[in-house]
Structure formats: structure tokens, C-alpha cells
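The structure is given below, and queries will be raised subsequently.
The values are calculated or read from the model by the stated rules, or taken from the named source; none is laboratory data. Owing to the predicted nature of the structure, the values given are computational and were not obtained by experimental measurement. Because the Cβ atoms are built from the backbone with ideal geometry, glycine has one as well, and the counts that use them run over all protein chains shown.
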Number of protein chains: 4
Amino acid sequence: MSSIWGDYLKISLFGESHGPAIGLVINGLPAGVEIDEEYINLELARRAPGKSLLTTSRQEKDEFEIISGVFQNHTTGAPLCFLIRNKDKHSQDYEELKDIPRPGHADYTAGVKYFGFNDYRGGGMFSGRLTAPLVLAGAIAKKILSGQGVTIGSHILSIAEVREEAFDSPSLSPDVLLGLNALDFPVLNEEKGILMQKKILEAREEQDSVGGVVETAVLGIKAGLGAPFFDSVESKLAHLLFSIPGVKGVEFGDGFSLSQMKGSQANDSFRWQEGRVVTDTNHCGGIQGGITNGMPITFKTAFKPTPSIGRAQKSVNLATKQEVELKIKGRHDPCIVVRAVPVVEAAAALALLDLLMEKESGSWLV
Amino acid sequence: MSSIWGDYLKISLFGESHGPAIGLVINGLPAGVEIDEEYINLELARRAPGKSLLTTSRQEKDEFEIISGVFQNHTTGAPLCFLIRNKDKHSQDYEELKDIPRPGHADYTAGVKYFGFNDYRGGGMFSGRLTAPLVLAGAIAKKILSGQGVTIGSHILSIAEVREEAFDSPSLSPDVLLGLNALDFPVLNEEKGILMQKKILEAREEQDSVGGVVETAVLGIKAGLGAPFFDSVESKLAHLLFSIPGVKGVEFGDGFSLSQMKGSQANDSFRWQEGRVVTDTNHCGGIQGGITNGMPITFKTAFKPTPSIGRAQKSVNLATKQEVELKIKGRHDPCIVVRAVPVVEAAAALALLDLLMEKESGSWLV
Amino acid sequence: MSSIWGDYLKISLFGESHGPAIGLVINGLPAGVEIDEEYINLELARRAPGKSLLTTSRQEKDEFEIISGVFQNHTTGAPLCFLIRNKDKHSQDYEELKDIPRPGHADYTAGVKYFGFNDYRGGGMFSGRLTAPLVLAGAIAKKILSGQGVTIGSHILSIAEVREEAFDSPSLSPDVLLGLNALDFPVLNEEKGILMQKKILEAREEQDSVGGVVETAVLGIKAGLGAPFFDSVESKLAHLLFSIPGVKGVEFGDGFSLSQMKGSQANDSFRWQEGRVVTDTNHCGGIQGGITNGMPITFKTAFKPTPSIGRAQKSVNLATKQEVELKIKGRHDPCIVVRAVPVVEAAAALALLDLLMEKESGSWLV
Amino acid sequence: MSSIWGDYLKISLFGESHGPAIGLVINGLPAGVEIDEEYINLELARRAPGKSLLTTSRQEKDEFEIISGVFQNHTTGAPLCFLIRNKDKHSQDYEELKDIPRPGHADYTAGVKYFGFNDYRGGGMFSGRLTAPLVLAGAIAKKILSGQGVTIGSHILSIAEVREEAFDSPSLSPDVLLGLNALDFPVLNEEKGILMQKKILEAREEQDSVGGVVETAVLGIKAGLGAPFFDSVESKLAHLLFSIPGVKGVEFGDGFSLSQMKGSQANDSFRWQEGRVVTDTNHCGGIQGGITNGMPITFKTAFKPTPSIGRAQKSVNLATKQEVELKIKGRHDPCIVVRAVPVVEAAAALALLDLLMEKESGSWLV
């Protein structure tokens, strides 16, 4: 177990919030893949903080440096290493947290796991900042998938209790997803979006925070991806999604609602459409028996409210063994959901590319 | 990607529903672990079909044969191989399914993935029958965990729209979980249980099926398990849970409900209790930053209704390229949830043992 | 670490010499590969004991049972499981070895590693018998490679100090290798072969044993296989070869002799031949920078003499802490080299197929 | 397959000879391990070029930057990332090599594998320069092993045909190994050492190169390391050793010579010594059945002569399809063996630490 993920495509993540840099190494990409730095920057910008009152005021441009694996704008076949320097660190904000774990954070559990040696500043390796290299790798994967006719897009389904309609996935078009990609606050229903943003600003004023749910769709994926028994599409995707800080629930297709349907409702009937097998409904979210069926993949990712809040909270002092009141300083997101959208999409792109590489690898022999 | 799972503990699953046998190989267990065959049989019996009208009438006693790795009732350090012979097969029931994929099943997707070479009889390797060896391995893992003071138990939280109360996890006792282990239809509220069973029998009569949600709790687990970035407890567990046929949603602690809370509600405050750090509430389900905090782990697993139903359904004939009406013969569960309970617990036991082996492995050096 | 090997093709080996059966699970083969049972039997027969005075008198026909993954003679895409029952066991021969480790064997080290819980009968999982399933998997791999134009063959280069000429690899033809495959005692020089066999029979009479070296060549392999930095062809092959009981040395091309050459001798010059780049000499054994160059792969594998000998040896009694004289009963090979030939070839076939699957997997994107 | 190695300890290597930097990520080290930067620098200095006429004149101080995983001089539990900038690059020397592969080098095979997209400058990722991060990781591993009472040391057994005596391993003391560690040209016999150096200088003058053999010993390692079937100590070690550029042969204990012994000679008899089981001889190099027996581990690694030589060589032009004469410019080692010594030791330290982590990980349960 480690900060390495993937079977065919291997991602090795490193870095801590207040160390010199964060970054990652990518193994498994074949040589000759074009690396589009502009597109990577666009994706990183979607995740970057400091753009509005909806996010933390930490300013990190997230400029990346290519260390290896790219020559004349194409992959060389060698491992790709990317570095993103940490710049706007306020390490002194974290000095008093050394002995007082923040509720809802990894401070306490990391301290136990690492015998107190973990870098506690800014959450160390548990910082949401580590998702930046994930977005970077995801941008490369998205670009490759895009060349294969695959489109990935998401909307904010809910913030706190404000919720808009879910995707009508059987009729979803790539244009809708691309449109959402371009929005700062991606929703299908503008009015609901305004209400959601209001919830975030209210939480900010109250020195509190809110959570939400992101719904994601993937169009154009081939049938036949996914590897039973243990590497169903759901398993691969959920594994990566639950690595994203703050994620506490994942469902595919109609998910938990499916548990309340009858089989006769839930089963997606097959029919022919232009020589292709399709289904009328898409309750299963494009995945049957853990394998893609060629219909849109849909899934929902639930984020808890950001644990860092300005309000006073009860905690303990691990050194003095006392109970204490904690007021967290530092700069934090009142809601992580907005910035999490490209991270969720990156996870999807990486999981699907890994599965696609497996599928294609098997075909040459038969 | 393959039918091999695990980092420290490695499970290699094999078999198809209508082949000679199913089974698994376990690598990574140290030598000297006692193998309790009686306990394994008890766990297999919890999953076995044919016990009542609530399940399929396929009769499989699931007797296992030890092929390797056990000598004088203890592990030898060599890989353990177990075999479970397939006995009550009605392969002829599946002949007509060869070209007509059952809606909601893996028939279509498996055919695409395996170029038509997959063993379609009884769902082949996609059969729920493959969960029997998982329960076998889970029984070994549960026994080891039990020796470390860990108790795992589950109740059926809902069937169709009938739902009982969730665990009150901060006050949950091992006795409650052990009591649930012993029930044929494990619920906390007997009346709700009767209503749930009624729903299943109704579905059976209507030649239909229903789904449901299983809630599971793990007590007595140490703080400090889980491995960031990619092997959070949630990631490891969800990966295995989403491998179980029929699972479409997984959430930890308050899961999707957390997305509607404020940070000030959702954060579990710390306090001291008998020299140990505990939390008042347990919204996070015992996992913070992907690592156990020593509180009960809780999670919910959503199952879709069994796709095999007697009612007529729309499908396609892949050979003739026509649209057809399909009536599935054979013996099927009107609801998979009851038999899935020990499978979910097996997944939890395996994931946690793997994480525990990692934790202990790191400690010798420091 | 475990009894699982491979990256794209995964082999999971199990079994102990005196348990019910030995066998293996193969993951990663695509669906639709024809399984030629007759060819597998031929390969198993090459390794089987009891054929002449040159080998042990243990009679094991090594009949295999297909447990999963094959339907209508083709792979289904599911894991393949094969079982070989242990029949001619004389477990009582091993009772006194429980506390007295045989020199040169794994008895002592296995006891330490497994805290005394290992199955000591017949060497348990350390028995050369475990190479039978390896040969079985190798037969499948060899057949697939053969379909890609690849031929693998070996000769016994030396037994004790009797040594024949090595392959003249640049001019080697597939017919020579196929001819060697068909021989019971594969040598290039018949006279030398007779001297070698004489050495083995002498050792047998003296209740002693001899070792030897196997040289193997692979023709028809594509250029471009092998994965730097850590998965050079040499690394992959040597890893598997050093898993075979009794192997203590491996060299590629001219190996240790290369260390005595000058660069101007050792470098294989390039030239054009029928539009293909070839080399005049093949000192590097077809591998440059860890990657195949399209020339024949050649390597030599050194086996120590069988440690089981009838002569009296000094050992210790672990229970009584005394020094003792040990005379090993039981049936043993006076020389393992003859039966090891198909095992070495199986290792080569598996390693190369794994590398070939990696190579082909990368090509679809570019 | 990838530039990632290890089971418990995972090394992810990256970088190319003429890119901005080379480096590696280490996963799996527990938190709290002290990082001794001075010792790392000492080890890097042993490998660094430019120290005498025996090596290349490329000047690389190999200063490393810690990017992550270290806080207050101790590991934090997060992945460690180290960077070594490339400074003294003469990329123009390689322009003409683009189409003309150097005999004995990876140029041709890399071009085939990577469809011509590989960074050919300085050998790209095939450069011996990539062994610098390996030495860095090895220094950390050596330091940890040293804390466990393990000493690793090597001597140059031969250069070209000049060969000194091998270790007399049963009587070898840690002091001898530590003494060798401190030598610029580590040999046991000073006179032989002078003859070896003379061979290197002669080759240099002739614009040629020579190879040699390194013999390594590891003292103080516990009995019980190594994991059958596929992860014997020999397999793990050989895998890493054959990743080092230029290695073409590896043997353990008496290696190839064992193939000429009788069993009665080759078997290392057991006896008691101060309550410990030891062997009189150590022909097996401290490894029986793939597992350490507590005696010194010994192995020999054969290096071919450096392929880069100044003399004219025959090659081909891949663009024009002509045969050409090639004279390699640039700065090269007349013999790689001297600088390879710390690399071989790093490989041993990493392999043994990985195995030791596995051994200790199993013990907590029993």
C-alpha cells in the first residue's frame, strides 16, 4: 500500500502541503503521446484556489515543471515526472495545531499512524493540495480519452440541501458536458446554482462550511471495459474517488435509489439502434456486471463539509491530556465541492484510461 | 487487472458457476495461524442458498476442500488453496441465453469483453456463486481479527422502501453485532424485519425482485489503519464492496447525508475517555483522512434488485439482430440482500486485515 | 511477496509435495486462446520423473484437471485454474527429518521462516514438484509464442565437468531447437551426451549427485521487448529462473566471459540484412539495454547438484541440540538437470509472453 | 511493468540523462526513520564520475534536493521524493547518434520500443546516470540495515582477465567489508588491484574499454528472509542487479562452479556454534531454498565492457538505410566496474530491506 495507484497506468504521487513541492510520476504511457501543456494549465486552473469568495484565499498558481518523460512535446516512453512548487505557505498558522488535532481532519489519525513524525503543517500529505498533481495526470488522461471520442463532464448536483435535477443520462450530449467544463460553477439549472452559491457564502460568513454532491457523466466509452472479479469499473472508480479528501459516498447510476426499485423497473432493457445494442433506460449508469455497456457512465460523489472552520470547536491537547477549545486560523475553503469537480473528473479519466489500456492489451492475441 | 486482490494479503479467486469447481488461493498469511473449519462452515452456511423461500432453490452445500497451505490445522506459510465443487447445476436452463442477454446482467457486457468466448452458463464467472470463496477467506480473516478484539456485524437496513433505524454507532456494543451474526434475517427492529420479508415474498410471487441496503459496523479496530494517498480505508473497502455483484452504492459514516450538514455539525469533536481520545459523535464512520480513528467503522452498501426475474422482459437476439421478449427460466433469488450480508462482512474483514498487516509491518523499525 | 508472479500475465502457484494436490491459477490471458491439452501433456512428460535411472523413481503421471477458465477448448477470459493430484507419496520417509534439516535443502531455512509450521514432508512447497504447474503454464505460453513465430529450445551444456560447445547463436535455426525438444537427453554432441549420462549414473551408484548447466535459446522474438528501468529482459527472466529450485547462476549471451572481453570485441556491430537491422555477432544474447534486439536470446542456467544424497552427512538435531549423522532415505534424482530443461523453457516462455503483452499493449495509442 | 520496483519498499525511478533532473520516489518506509544526508552524500560520491582517469570526465556532483517525505531529519511516512539536477550536459555530442545506433548500447532497441520518440541524448533513461538515485535510495536502506547489524561490502574480483581471490566467506568479518567501503579501488590484494587499474588505463589509451566482476558479501543478515515460490533471495536480488546497465551475469555462493561439484561437496553441513546453527562451508552463499540461513550472503555480478568506445565501429544509419562507420564522441568510462560497486551494494541493500520488511510483517500474528 502506498501513494502509487494503477495497473497499466501507474501514478506515483508525492509531496506535502508545506514542503518544497508536490508532484507525481506517471508510468505506463506509451511513447509518442502528445502532451498539451495549455490544456493541463486549463485543468489546473479549474482546481486552483483564490479565484473568488467561494474558495480559500491561498494563492497558488500551480505552475508545473516537467522533470522527465517528455521530449519535443511528446512522451518518450520514460516515466513522466511533474513538479509543482509550493509558494504561498503560512506555516506559522499551524504551529499550535501540533498537539491539538482539528476535528474532522486527519491530524489525529495521521499522528497515530506516523508515531508523531508526520509533517502536520497544512495537513501535510493529507492536504487537498495533493489533488493538484492528480488533476495534472487527469488532464493527460482526459486528452487521450478525448482522442478516442470520450467526453467527461460534471455538474454540482447539490450544495447543503439545495439540489438540482440529475443528468437525464440516456439523452445526454457531449456538448452539455463541454459546456459544464467551461463554467466556474457548473450547474444545469442556473437558479439552483445561485441558491447553492448563496449557501456557500452564508457558511463563509458564519465561519462554517457546507458539503455537496458532484454528479459526473462519461460519454463515448466503449463497451467491454472493466475486469472482474476485483476490478469492476465501479471498484476502480470508487477506489480513486474515495482517495479524494472529503469524499464519504459514491454511487453509480441510480445508486442507493436502485435499492428501492423492483427488478422489473431497475433492469435496463436492450434494443437495437443503428446496428448497436443500447438500453432504453440507464439505471445502471452504463455498467453491468462491472463492465461498461457502451451507455453513458454516471456516478455521484458526496463530499462532507470542509472540516476547517473558524468557529470554536472542542478538541484535546495530546501533550497535556486536556480538553481544549480550538479556533482554527489559516485560510480555508467554505466549501470544497466547487474545486473538487476537476479532481473527480481526473479520477474518472485515470480509472477509465487504465481500464481501456487493459481492454486493448487483450485484443492482439485473438 | 485480474481476479487477484490485496497488498499484504493476496486473494486469487477462480471458478465459474457451471464449471467443475470454484475456489481461491490466499497468499500472505503468516505460518502458524489456526484454521477453524467449523467457523468457516458457519460463515458459508450464512451465504448458502436454498434455506427458505427468501432465496433461490439451488441447493449447494458449499463443502470446501483444503488443497494446500494447511498442515495439522495451522497455516504452513505456503499459499492456501480451497476448492468448492459445483454440484446442483442445471446448465440446460442457459442454452437459449447464449444469444439473448438478460437485462441487468453481465451477459451482454461479458460477451463484448470476451469476444463471445465467456462461459455464459449460470453467469459464468459473474455468478454470485463466486462470493462463496470470498466468504471462506473472509471467515479466516474475521477469525484473525476476532483474536485482535475486532467484531464485525451487519443488519439489513432496508428492503425496497421498508427501512429501519441505522446503528447508533458511538454506543454500539459487540454483543449487538454478535447477536445479529446469529440471525437468519438480521435486523434491529423485528417488526420492520417482518415487513421487509413480506416485501421479498411479494416480489417472489410477482416473479419480480427487490433490492436493499446493508449497514455494517466494525468494533475494536485500532486507530492508525489506512494508507494515504490511494489506500484510504474507504478506498480499500469500497474497492472490494463494489466487486460484489449487485452493489451500486457505498457510503461511510453518514455518507451522502454528510453532504447536507454544516462543518460545525459534521465534525466529530474529540474528548478524553479513560486516557483514550474518542469522539462524541461518529458522523465520519470511524475514518478521518482515510485512516481509522479507533471509533466504530460504519458503512452502508446498496444492492440493486436481482436482475433475474421471471417476468417477460425486452431484450435483443445478438445472432439474428432482432428484438425479442425474454422469460428467464432457472432458479433465482427474489432478493440477494439476505445472502449478501456475510459477503459484505467478508469484504470488510479482508480489507481491514490487509490494512492491519500493513500497519503492523511498519512498526518494527521505529 | 508471494507465490504470485507476473505483470500482465499473472501466475499464482500453490501446493505442497505431500498435500492433496499442486496447481496454479493463471490471470491475464485474453479470451479465445485455444488450449491444447495434448501439448501440455507432452511438456509435462518431459519433466515427469520415473522414466530412467537418470531420475528419481517417484512415479507421478502429472495428470492435470482443468478447474476453470476453459470452455469448449478455449480460454473464457476468466482465471484458469489447473490441479495436479499428488499420488505416489511416501510421507513416512520424512518423519525423522522433522528435527534434522538436510544439508543443502530448505528444511532449516523454512523452519526458521515459518516458525516450524511448514509442511516438512517431501520438502513441502520447496519441492521440485512445484515446477510441474510451472511447466503446465509454460506449455500454454510456448504455444501462444509459437503462434507468433517464436521457438524455444535448450541443450544440456554441461554435467559436472563434462561440457559441450555452446550454441552458435547467430546462425541457429528453429529446426535445431525443435530437434532438441524431442530428445530425452538434449545435447548437440552425442558423444559428450553419453559422457554426461555416465557421470550421472556414476553419481547414482556412489549415492551422490551432480549438477550442470542448461543453455537455452529463443528464436523469432520481436525487437522491442523489455521494460526499463527495473524490468529488463534479463531481470524478468532471471527472476523466474532463480525461483527454480537448485539454480545458483544465470548469465545472458556470453555472460561472465563478457567481463573478460574488450568493448571492441564485445560490442555486436550492426548491419542490414534483407531490410532488417541485424548484428554480426551476438555476444549480448539478443538483449541490449535490457530490450530485445531481434537476434536470438541466449542464456545459461547453472544448477547445483541435488542436495538429497544417500551418503552420510553431518547435520544437527534442532530438538535435542546435538550434532548428528544423517542418511537420507526416500527416492531422489541423482541429477536434476535433465528434468529441469522444460522448467527453464517454461520460465523463459512465461517471462517473454508477459513482456510481449506489455509491448503490444502500448502500441494502440500511437 | 514500469520503473517501479519493490513489494514492501517501493522505488519509483525517473529522469533522463539530458533532461532537467533525475530522481526517485520511495514508498513504504515507516515514519520516524532518521535520514543521514552526510551518509547519502558519501555513497553518491563513491559512484560519482570525474574523480580519476579511471572514469569519465563528466563532472556531476550529484547534489540532491529533498522534495518530500522528510521533516526535521526524519521520514514523515509520506513518500520521499529526491531530485538530482543534471548539470554538465553536452547534448550536442549526441546529435549525430539520432539515426546511428551505437553498438552495444540501447540506442537501437530503445528506438524500436519507443517508436523513435525516446530521448536519445546521453542514452536518455538508459544512461548509467539513472543509477545515482538508486545509490541514494540504497544509502538509506544500508543505513537502516546497519542499525539491524547488517554490513554490506564488495571488492573488484576481476578486471578483464586479471582476477584476485574470492571472499573466504565463512570467516569474513565486518571490518574487512567496511575497509573495502572506504577504498577508491576496492580489492583484497593490492598488487592485483594495481594490475587491474593498469588494464583500465591501457584500455583508455587504446580508446577501448574493459569489463569485470564485482563480488559482494552481506554479513549479519537474519535467517528466514526470502519468499518462495517466486521471491527467493536470489530472484529478488538478481532482478535488481540485472536492471543495472551492463550486467550480464549473476551467481550466488559458488554459482556456476557449483554445477561442477558433487552433492557431497556442495552441501554445506550444519553444526552448532554458541547455540546457533551454522554451516562449515558456505558454497550456497547463505541462501538455501531461496531463504537466508544466517551465514554471509555472497554473490558475483559480471559487467560487460563499457559499450561507448572511441574506436571506429560498424553501425547502420536508420534514416538512410546505409552501413556506416561510427566514432563516438563524448566522455565515457573506460571501465564501469569501479563506479558500479556502490550501485551493486545499493541493489543488495534495497532487495534485502524489502525482504526484511516482509519477514517482520508476518511475525506479529503468531
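Are any residues in region B:77-95 touching a residue at least 60 places away in the same chain (Cβ under 8 Å) and either within 28 Å of residue A:265 (Cβ to Cβ) or of a type in the set (S, T, N, Q) (or both), and if so, which ones?
Selection gives B:86, B:90, B:91, B:93, B:94.
Kindly check whether there is at least one residue in region D:139-160 that is under 23 Å from the mean Cα position of the chain (by Cα), more than 14 Å from chain C (Cβ to nearest Cβ) and without any contact (Cβ under 8 Å) to a residue 60 or more places away in the chain.
If we filter region D:139-160 for residues that are under 23 Å from the mean Cα position of the chain (by Cα), which is where we start, we get D:139-160.
Then keep just the ones that are more than 14 Å from chain C (Cβ to nearest Cβ); that gives D:139-155.
Those still in the list that are without any contact (Cβ under 8 Å) to a residue 60 or more places away in the chain too: D:146-147.
Yes, that holds for at least one residue.
If you go through region A:174-183 one residue at a time, do you hit one that is farther than 21 Å from residue A:9 by Cβ and in a loop (DSSP other than H, G, I, E, B)? Break it down into steps so the answer makes sense when it comes.
Narrowing region A:174-183 to residues farther than 21 Å from residue A:9 by Cβ: A:174-183.
Imposing the further condition that a residue be in a loop (DSSP other than H, G, I, E, B) reduces the set to A:182-183.
Yes, that holds for at least one residue.
Right, here's the next one. Please state which one of C:321, C:327 is among the basic types (Lys, Arg) and more than 9 Å from chain D (Cβ to nearest Cβ). Give the steps one after another, and end with the answer.
On the way: C:321 fails: more than 9 Å from chain D (Cβ to nearest Cβ).
Exactly one residue qualifies, and that residue is C:327.
Could you check residue A:46 against (1) part of a helix (DSSP H, G or I); (2) in contact with a His (Cβ under 9 Å, 6 or more places away or on another chain); (3) not polar (S, T, N, Q) and say which number it fails?
Unmet for residue A:46, out of (1) part of a helix (DSSP H, G or I); (2) in contact with a His (Cβ under 9 Å, 6 or more places away or on another chain); (3) not polar (S, T, N, Q): (2).
Looking only at region A:322-337, decide whether some residue is in a helix (DSSP H, G or I), in contact with a strand residue (DSSP E or B) (Cβ under 9 Å, 6 or more places away or on another chain) and not charged (D, E, K, R).
Of region A:322-337, the ones in a helix (DSSP H, G or I) are A:337.
Now narrow it down to the ones that are in contact with a strand residue (DSSP E or B) (Cβ under 9 Å, 6 or more places away or on another chain): A:337.
From the residues that got through so far, the ones that are not charged (D, E, K, R) too are A:337.
Taking every residue of region A:322-337 in turn, at least one turns out to be in a helix (DSSP H, G or I), in contact with a strand residue (DSSP E or B) (Cβ under 9 Å, 6 or more places away or on another chain) and not charged (D, E, K, R).
Sticking with this one: When the residues of region A:160-195 are filtered to those that are aliphatic (A, V, I, L, M) and over 25 Å from residue A:351 (Cβ atoms), which remaining residue is surrounded by the fewest Cβ atoms within 10 Å (Cβ to Cβ)?
So the first thing to find is which residues in region A:160-195 are aliphatic (A, V, I, L, M), and the list is A:160, A:162, A:166, A:172, A:176-178, A:180, A:182-183, A:187-188, A:194-195.
Those still in the list that are over 25 Å from residue A:351 (Cβ atoms) too: A:160, A:162, A:194-195.
Numbers: A:160: 23, A:162: 21, A:194: 13, A:195: 16.
Selected residue: A:194.
Among the residues of region D:305-313, is there at least one that is of a type in the set (A, V, I, L, M, F, W, C) and crowded, with 24+ Cβ neighbours inside 10 Å?
Going through region D:305-313, the residues of a type in the set (A, V, I, L, M, F, W, C) turn out to be D:309, D:312.
Going one step further and asking which of them are crowded, with 24+ Cβ neighbours inside 10 Å, we end up with D:309.
For region D:305-313, residues of a type in the set (A, V, I, L, M, F, W, C) and crowded, with 24+ Cβ neighbours inside 10 Å: present.
Follow-up. List the residue pairs whose Cβ atoms are under 6 Å apart, where the first residue sits in region C:113-134 and is over 18 Å from residue C:336 (Cα atoms), the second is among the aromatic types (Phe, Trp, Tyr), and the two are 6 or more positions apart or on different chains.
C:119/B:71; C:121/C:94
Taking into account only those residues within region C:8-24 that are among the aliphatic types (A, V, I, L, M) and closer than 19 Å to residue C:239 by Cα, which is surrounded by the fewest Cβ atoms within 10 Å (Cβ to Cβ)? Steps first, please.
Let us first name the residues in region C:8-24 that are among the aliphatic types (A, V, I, L, M), namely C:9, C:11, C:13, C:21-22, C:24.
Right, trim to closer than 19 Å to residue C:239 by Cα and you get C:9, C:11, C:13, C:24.
Values: C:9: 23, C:11: 25, C:13: 29, C:24: 31.
Out of the qualifying residues, it is C:9.
Among the residues of region D:12-36, how many are farther than 21 Å from residue A:119 by Cα and either of a type in the set (Ser, Thr, Tyr) or part of a strand (DSSP E or B) (or both)?
Quick first cut of region D:12-36, residues farther than 21 Å from residue A:119 by Cα only: D:12-23.
Checking which are either of a type in the set (Ser, Thr, Tyr) or part of a strand (DSSP E or B) (or both) leaves us with D:12-15, D:17, D:21-23.
Going through region D:12-36 one residue at a time, the tally reaches 8.
Taking the stated definitions as given, is residue A:168 free of Cβ contacts under 8 Å to residues at least 24 places away in the same chain and closer than 20 Å to residue D:70 by Cβ? Explain how you work it out, then say what you get.
On the way: free of Cβ contacts under 8 Å to residues at least 24 places away in the same chain: yes; closer than 20 Å to residue D:70 by Cβ: no.
For residue A:168, the condition - free of Cβ contacts under 8 Å to residues at least 24 places away in the same chain and closer than 20 Å to residue D:70 by Cβ - is not met.
Name, by its number, the condition in (1) without any contact (Cβ under 8 Å) to a residue 40 or more places away in the chain; (2) within 14 Å of chain C (Cβ to nearest Cβ); (3) in contact with a helix residue (DSSP H, G or I) (Cβ under 9 Å, 6 or more places away or on another chain) that does not hold for residue D:202.
Among (1) without any contact (Cβ under 8 Å) to a residue 40 or more places away in the chain; (2) within 14 Å of chain C (Cβ to nearest Cβ); (3) in contact with a helix residue (DSSP H, G or I) (Cβ under 9 Å, 6 or more places away or on another chain), the lone unmet condition for residue D:202 is (3).
Which of the residues spanning region C:122-135 are surrounded by fewer than 24 Cβ atoms within 10 Å (Cβ to Cβ) and under 18 Å from the mean Cα position of the chain (by Cα)? Steps first, answer last, please.
As a first pass, look at region C:122-135 and keep what is surrounded by fewer than 24 Cβ atoms within 10 Å (Cβ to Cβ): C:122, C:127-128.
Selection gives C:127, C:128.
Then there is this: For region B:27-49, does any single residue satisfy the condition of being facing chain C (nearest Cβ under 10 Å) and farther than 19 Å from residue B:146 by Cα?
Yes, some residue in region B:27-49 is facing chain C (nearest Cβ under 10 Å) and farther than 19 Å from residue B:146 by Cα.
Moving on. Could you tell me whether region B:357-366 includes any residue that is crowded, with 23+ Cβ neighbours inside 10 Å, outside any loop (DSSP other than H, G, I, E, B) and touching a Pro at 6+ places or on another chain (Cβ under 6 Å)?
For region B:357-366, residues crowded, with 23+ Cβ neighbours inside 10 Å, outside any loop (DSSP other than H, G, I, E, B) and touching a Pro at 6+ places or on another chain (Cβ under 6 Å): present.
Moving to a separate point now. Evaluate the following for residue B:38: is it in contact with a strand residue (DSSP E or B) (Cβ under 8 Å, 6 or more places away or on another chain), acidic (Asp, Glu) and surrounded by fewer than 17 Cβ atoms within 10 Å (Cβ to Cβ)?
Details: in contact with a strand residue (DSSP E or B) (Cβ under 8 Å, 6 or more places away or on another chain): no; acidic (Asp, Glu): yes; surrounded by fewer than 17 Cβ atoms within 10 Å (Cβ to Cβ): yes.
Here the answer is no, as residue B:38 does not meet what is asked.
Are there any pairs, at least 6 apart or on different chains, whose C-beta atoms fall under 6 Å, with the first in region D:238-251 and without any contact (Cβ under 8 Å) to a residue 40 or more places away in the chain and the second part of a helix (DSSP H, G or I), and if so, which?
Cβ pairs passing all conditions: D:238/C:238; D:242/C:234; D:242/C:235; D:242/C:238.
Could you say whether any residue in region B:52-71 is modelled with pLDDT of 90 or more, within 14 Å of another protein chain (Cβ to nearest Cβ), buried (at least 20 other Cβ atoms within 10 Å of the Cβ) and assigned to a loop (DSSP other than H, G, I, E, B)?
yes
How many residues are surrounded by fewer than 24 Cβ atoms within 10 Å (Cβ to Cβ) and touching a helix residue (DSSP H, G or I) at 6+ places or on another chain (Cβ under 6 Å) if we restrict to region B:103-121? Can you show your working first?
Initially, region B:103-121 is screened for residues surrounded by fewer than 24 Cβ atoms within 10 Å (Cβ to Cβ), giving B:105, B:111-112, B:115-117, B:121.
With the extra rule that they be touching a helix residue (DSSP H, G or I) at 6+ places or on another chain (Cβ under 6 Å), the set shrinks to B:121.
Summing the residues that are surrounded by fewer than 24 Cβ atoms within 10 Å (Cβ to Cβ) and touching a helix residue (DSSP H, G or I) at 6+ places or on another chain (Cβ under 6 Å) in region B:103-121 gives 1.
Further question: Do you know which residues across region B:99-132 are at the interface with chain A (Cβ under 7 Å from one of its Cβ atoms), farther than 24 Å from residue B:62 by Cα and not in a helix (DSSP H, G or I)? Don't jump to the end; show me each part of the working.
Quick first cut of region B:99-132, residues at the interface with chain A (Cβ under 7 Å from one of its Cβ atoms) only: B:101, B:103-106, B:108-110, B:112-113, B:115, B:125-126, B:130.
If we keep only those that are farther than 24 Å from residue B:62 by Cα as well, we get B:101, B:103-104, B:108-110, B:112-113, B:115.
Across region B:99-132, the qualifying residues are B:101, B:103, B:104, B:115.
If residue A:5 satisfies every condition in (1) within 9 Å of chain D (Cβ to nearest Cβ); (2) surrounded by 19 or more Cβ atoms within 10 Å (Cβ to Cβ); (3) modelled with pLDDT of 95 or more but one, which is the exception?
Just one mismatch for residue A:5, condition (1).
If you don't mind, another one. Restricting to region B:205-255, name every residue that is hydrophobic (A, V, I, L, M, F, W, C) and surrounded by fewer than 24 Cβ atoms within 10 Å (Cβ to Cβ). Full working, then the answer.
Let us first name the residues in region B:205-255 that are hydrophobic (A, V, I, L, M, F, W, C), namely B:210, B:213-214, B:217-219, B:221, B:223, B:225, B:227, B:229-230, B:233, B:237-238, B:240-242, B:244, B:247, B:250, B:252.
Those that are hydrophobic (A, V, I, L, M, F, W, C) and surrounded by fewer than 24 Cβ atoms within 10 Å (Cβ to Cβ): B:213, B:219, B:223, B:230.
Look at region A:255-283 and say how many of its residues are closer than 22 Å to residue B:208 by Cβ and more than 7 Å from chain B (Cβ to nearest Cβ). Show your work before the answer.
Of region A:255-283, the ones closer than 22 Å to residue B:208 by Cβ are A:255-271, A:279-283.
Still in the list and also more than 7 Å from chain B (Cβ to nearest Cβ): A:257, A:265, A:279-283.
Of the residues in region A:255-283, 7 are closer than 22 Å to residue B:208 by Cβ and more than 7 Å from chain B (Cβ to nearest Cβ).
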